[in-house]
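Report on the structure given below.
The values are calculated or read from the model by the stated rules, or taken from the named source; none is laboratory data. As the structure is a computational prediction, the values presented were derived from the model and not from experiment. With ideal geometry, Cβ positions are generated from the backbone for all residues, glycine too; neighbour counts draw on all protein chains shown.
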Amino acid sequence: MLPITEQENPETENIDKISTIEALRLINAEDAKVADAVQLALPEIALTVDSVAERLQNGGRLFYVGSGTSGRLGVLDASEIPPTFGVSYELVQGVIAGGYEALYKATESSEDSKNAGADDLSSRGLTKNDAVIGIAASGSTPYTIGAVEFARGVGCFTASVTCAFDSELSRAAHVSIEAVVGAEAITGSTRMKAGTAQKMILNMISTMTMVRLGYVKGNRMINVKSSNQKLKDRSLRILRAETGLNEFALRILFKSAGEDLRVALVMHESGTKRGPAAEALQKSNYVVDRAVELLKN
């Protein structure tokens, strides 16, 4: 039997014969099913977050592995973590079948080898302290299965993100996240509902992992780097909300901290100067609250 991700959808069998607005309503109706499917997988997503956070707290890294759309989504999510949360580009990494060329050019044949998935992780110096999440809509991609099997053999925590029940990838991982969104509006086009579900899940995993690691206070990204004007303005808004300082004092503090929000927050909360604040941040892996504790003890 075909996996559900490859089956035809009777709701859209005449999508080529109806008006554009009618076709868009059908696609929109199918998309509306995605959040419900993800909701059913929340317990497994939560378990994955807590397990990944534990690995990262102990010096490990997180790897997303996939091919095609799934691989691209993993690379996308990984690439957005450093500018959002101010962490190293090594902390969360996306591994895609066919290499980074596959981000803009189809290399589907590269997904057919289990050994290639294992080799790509091995080349990253994988250790038992790391976590690996395999992403595949059907859960049957050899490249991703091979990577997860290799990671589990190394001793890593492993999870899978699929849109099918009881797939080979699900069985290979410690935790299987299954968001079964049903057949696509266009048969087999898993960049649609399946891709949307995967993006939602990866957003949840990476965001809540960063929250658990201490890079968010309330709902504010207190570890954001002021690498452009937009982020500098955001840093000032966060600093204002966290400190309650007037505009003049706020800008003096931000400038004296080298326009680094993290340093400014530690300076304000601990009453220290830039040098000790920056040193404490480095020792605490750039978690603001821990840096403040170090300076106060």
**Item:** Selected residue (only one of Ile201, Ile252, Ile186, Ile205 is part of a loop (DSSP other than H, G, I, E, B), among the β-branched types (Val, Ile, Thr) and at pLDDT 95 or above)
**Value:** Ile186
**Request:** Could you please find all residues in region 145-161 being under 15 Å from Ser70 (Cα atoms) and touching a Leu at 6+ places or on another chain (Cβ under 6 Å)?
**Result:** Ile145, Ala147, Ser160
**Request:** Being at pLDDT below 95 and either among the hydroxyl-bearing types (Ser, Thr, Tyr) or within 14 Å of the chain's Cα centre (by Cα) (or both) narrows it down to one of Thr20, Thr48, Thr84, Thr12, so name that one.
**Result:** Thr84
**Asked** Looking at Arg55, Arg61, which one is in contact with a Leu (Cβ under 9 Å, 6 or more places away or on another chain) and under 25 Å from Pro142 (Cβ atoms)?
**Response** Arg61
**Asked** Cβ-Cβ below 8 Å, separation at least six or inter-chain, first residue in region 4-17 and exposed (fewer than 15 other Cβ atoms within 10 Å of the Cβ), second modelled with pLDDT of 95 or more and not small (Gly, Ala, Ser): which pairs?
**Response** Gln7/Thr187; Glu8/Thr187; Glu11/Leu26; Glu11/Glu30
**Asked** Conditions: (1) at pLDDT below 95; (2) in a helix (DSSP H, G or I). Arg55 meets all but one. Number of the miss?
**Response** (1)
**Request:** Go through Ser167, Ser140 for me and flag whichever is among the polar types (S, T, N, Q), more than 18 Å from Arg72 (Cα to Cα) and either out of contact with any Cys (no Cβ under 7 Å at 6 or more places or on another chain) or without any contact (Cβ under 8 Å) to a residue 40 or more places away in the chain (or both).
**Result:** Ser167
**Message:** Which numbered condition in (1) buried (at least 18 other Cβ atoms within 10 Å of the Cβ); (2) assigned to a loop (DSSP other than H, G, I, E, B) is the only one that Arg262 fails?
**Reply:** (2)
**Asked** How many of the residues making up region 233-259 are under 25 Å from the mean Cα position of the chain (by Cα), surrounded by 16 or more Cβ atoms within 10 Å (Cβ to Cβ) and over 24 Å from Gln57 (Cβ atoms)?
**Response** 2
**Request:** Take region 18-49 and flag every residue that is touching a residue at least 40 places away in the same chain (Cβ under 8 Å) and part of a loop (DSSP other than H, G, I, E, B).
**Result:** Lys33, Ala41
**Asked** If you go through region 42-56 one residue at a time, do you hit one that is within 23 Å of Gly117 (Cα to Cα) and of a type in the set (Lys, Arg)?
**Response** yes
**Message:** Contact list please: Cβ distance under 6 Å, first residue in region 57-71 and among the aromatic types (Phe, Trp, Tyr), second residue surrounded by 24 or more Cβ atoms within 10 Å (Cβ to Cβ) and not in a strand (DSSP E or B), pairs at least six apart or on different chains.
**Reply:** Tyr64/Gly74
**Asked** For region 265-287, what are the residues that are exposed (fewer than 15 other Cβ atoms within 10 Å of the Cβ) and outside any helix (DSSP H, G or I)?
**Response** Gly271, Lys273
**Fill in**
Residues in region 189-198 that are in contact (Cβ under 8 Å) with a residue 40 or more places away in the chain and part of a loop (DSSP other than H, G, I, E, B) total 3
**Filter result for Ser176 (touching a helix residue (DSSP H, G or I) at 6+ places or on another chain (Cβ under 8 Å), assigned to a strand (DSSP E or B) and more than 19 Å from Val92 (Cβ to Cβ))** = yes
**Asked** When Ser206 is evaluated against the numbered criteria (1) small (Gly, Ala, Ser); (2) without any contact (Cβ under 8 Å) to a residue 40 or more places away in the chain; (3) touching a Phe, Trp or Tyr at 6+ places or on another chain (Cβ under 9 Å), which criterion, by number, is the only one it fails?
**Response** (2)
**Message:** Looking at region 212-231 only, could you name the residues that are surrounded by fewer than 16 Cβ atoms within 10 Å (Cβ to Cβ) and assigned to a helix (DSSP H, G or I)?
**Reply:** Gln229, Lys230
